[in-house]
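First comes the structure, then the notes that go with it.
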Amino acid sequence: MSRLAKIFLLVCTLLAVIGFTVTAAANELIKVTVTVKVEKPEYFWQYPFLGKQLDHITFSSYGKTYTLSPLSESETLEIDVPKDYHLRMNISFQNNASTLQSISYLSKEAIHQPGKHFSLLLKAPEPQPVSVSSPDFEVVRN
């Protein structure tokens, strides 16, 4: 066997071993728990998001979709994440089967070991006090 053929065989063998190792590592899934909590659910579910009332929220991650129903206060999601990957999650705010807004999130750290727990807090903006503005009047302080 020529020297070039031996080098080629060695390189192919190394690539095969590296490919097998990467594939085996990517196939290892780690269960991650995400707790979604709604602050003041009676207010949150009545708040008009982009002019419409929400009828549910969906959370999608790694091929699974979870639904948070109206008036729900919290939900616990269990997501299988490939080892050494970041948790990716897409949140879609829904009204009558149409998406009003969609937000994507990525965990700050990669998932290396089981038992990782994340939390999400959903809250609607607080009601604002009435604001009056006029070039013809000024505020009188008592």
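The values are calculated or read from the model by the stated rules, or taken from the named source; none is laboratory data. Being a predicted model, the structure only gives us computed values, none of them experimental. Positions of Cβ are backbone-derived with ideal geometry, glycine not excepted, and every protein chain shown enters the neighbour counts. These accessible areas exclude ligands, DNA and RNA; they are computed on the full protein's heavy atoms, side chains included. Shrake-Rupley method; radii C 1.70, N 1.55, O 1.52, S 1.80 Å.
A few comments on the model shown:
- Surface composition of the chain: carbon and sulfur atoms hold 58% of the protein heavy-atom accessible area at a 1.4 Å probe.
- Given +1 at the Cβ of Lys and Arg, -1 at the Cβ of Asp and Glu and no other charges, the dipole of the stretch 75-142 around its Cα centre is 180 debye to the nearest 20.
- For S104 and Q53, the FRET efficiency from 1/(1 + (r/R0)^6), where r spans their Cβ atoms and R0 equals 25 Å, is about 0.60.
- Residue among V130, V38, V11 with the largest mean-square fluctuation in a Gaussian network model of the chain, springs linking Cα atoms under 10 Å: V130
- Put a plus charge on the Cβ of each Lys and Arg, a minus charge on the Cβ of each Asp and Glu, and nothing anywhere else: the dipole of the chain about its Cα centre is then about 800 debye.
- Of all lysines in the structure, those lying under 29 Å Cα to Cα from K52, and not within fewer than 8 positions of it along the same chain, are K37, K40, K64, K123.
- Extended-chain gain in nm, criterion 0.36 nm per residue less alpha-carbon gap, A97 and S60: 11.8 nm
- Fully extended contour minus Cα-Cα distance, from N90 to C12, at 0.36 nm per residue: 24.2 nm
- Under the Karplus curve 6.51 cos²θ - 1.76 cosθ + 1.60, θ = phi - 60°, whole-Hz ³J(HN,Hα) for the stretch 114-131, x wherever Gly or Pro sits: x, x, 6, 10, 10, 10, 10, 10, 9, 8, 7, x, 5, x, 9, x, 5, 10
- Extreme residue, positive dipole direction of the stretch 20-142, given options P70, G51, S134 (C-beta unit charges): P70
- Residue-normalised accessible area of the chain, expressed per residue, 1.4 Å probe, Å²: 74
- Between 0 and 90°, nearest 10: helix 3-27 axis offset from the chain longest Cα axis: 30
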